[in-house]
1. Checking the condition assigned by TED's automatic domain parsing to the domain that holds R167, in contact with a strand residue (DSSP E or B) (Cβ under 9 Å, 6 or more places away or on another chain), surrounded by 22 or more Cβ atoms within 10 Å (Cβ to Cβ) and closer than 29 Å to G42 by Cα, which residue from L119, L129 passes?
2. Please give the strands (runs of 3 or more DSSP E) falling wholly within region 173-273 in which 1 or more residues are out of contact with any Gly (no Cβ under 8 Å at 6 or more places or on another chain) and more than 22 Å from F144 (Cα to Cα).
3. Is it fair to say L99 is among the aliphatic types (A, V, I, L, M), touching a residue at least 12 places away in the same chain (Cβ under 8 Å), over 17 Å from S52 (Cβ atoms) and in the same structural domain as Q69 (by TED's automatic domain parsing)?
4. Give me the residue from region 132-167 that is at pLDDT 95 or above and hydroxyl-bearing (S, T, Y) and, out of that set, surrounded by the fewest Cβ atoms within 10 Å (Cβ to Cβ).
5. Report the residue count in region 158-200 for those that are more than 30 Å from V39 (Cα to Cα), in contact with a strand residue (DSSP E or B) (Cβ under 7 Å, 6 or more places away or on another chain) and in contact (Cβ under 8 Å) with a residue 40 or more places away in the chain.
6. Starting from region 16-38, take each residue that is in the same structural domain as V58 (by TED's automatic domain parsing) and closer than 18 Å to L49 by Cα and list its partners that are at pLDDT 85 or above and assigned to a helix (DSSP H, G or I), counting only C-beta distances under 8 angstrom and pairs at least six apart or across chains.
Amino acid sequence: MSVRGVTDSIAIADPDDPRIAAYRDIRDRDIVGRDGLFVAEGKVVLAMLLASKAYRPVSLLIAAHRVPQLADLLATVPDDTPIYAAAQPVLDAIAGFPLHRGILAIGRRIDTPDADTLLARITGPANILFLSAIANHDNLGGIFRNAAAFGTPAILLDADCCDPLYRKAIRVSVGAALLVPFAKLDRGEDPLALLERHGFAPIALTPSATQTLARHRPAPRTAVLLGAEGPGLAPALLARTAGIAIPMAPGFDSLNVATTSGIVLHHLAQAGV
């Protein structure tokens, strides 16, 4: 295989070059939702993008001084994917801020299963997540990172969740947003009916529950329901599921939702050992 990037990179000298328009001012805007494209940033995330079968790189934009250092990684870039290279000042001007990592890519999601299709792919025992109204990109990225760490095969999101392919969510997830399969439910779709069809027993994390996580004995196929910090899960969902609490110090019942996901997924993983 030829070493792409060293011999085939395309020099960009002008920040206004139309070929790199998608990378311009990425701090102030995001291309999520525009033809299924997203921004990947950093070496680790780029490596996951290039290795993934669910995503495909559209183009790369690399700081010129980093191209030789990335020769092995760039050798895996598909031949029809342009690799642009720019001097660091030009790259910073394109991005709209100092881009210390010096590595950007535009990716496209090519595997977009609906929730039914995604769950049908899962065979045997498994622990999955259902997220409701998680609108903070840091929290969403942290949840995906935890899910990857504990082998979660799927994450379902309701219509009020933010997009896992937002640049910041991908970065916080350390690329796990490109690793853990996910699907978004339509507004009004019943998540509990969906989970029941595929044999998943739901548990709802809520501080008001009387049963604690330590005493919970999970089903072989378990779906963990997590809501936004503050309002939590909707009362209608809580009324139809087994509530589980993580005990905390007296007088305090607030736990970051990403942290909660890590605690619960670790518990479920240990229970399945």
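1. Every option except L129 fails the conditions.
2. 242-244
3. Yes: the conditions hold for L99.
4. Of everything passing the filter in region 132-167, S132 is surrounded by the fewest Cβ atoms within 10 Å (Cβ to Cβ).
5. Matching residues across region 158-200 total 3.
6. If the second residue must be at pLDDT 85 or above and assigned to a helix (DSSP H, G or I), the pairs left are Y23/I94; Y23/A95; D30/R167; I31/A22; V32/R167; L37/A22; F38/R167; F38/I170.
The values are calculated or read from the model by the stated rules, or taken from the named source; none is laboratory data. For clarity, every value in this text was computed on a predicted model and none was experimentally measured. Cβ sites come from the backbone with ideal geometry, for glycine too, and all protein chains shown count toward neighbours.
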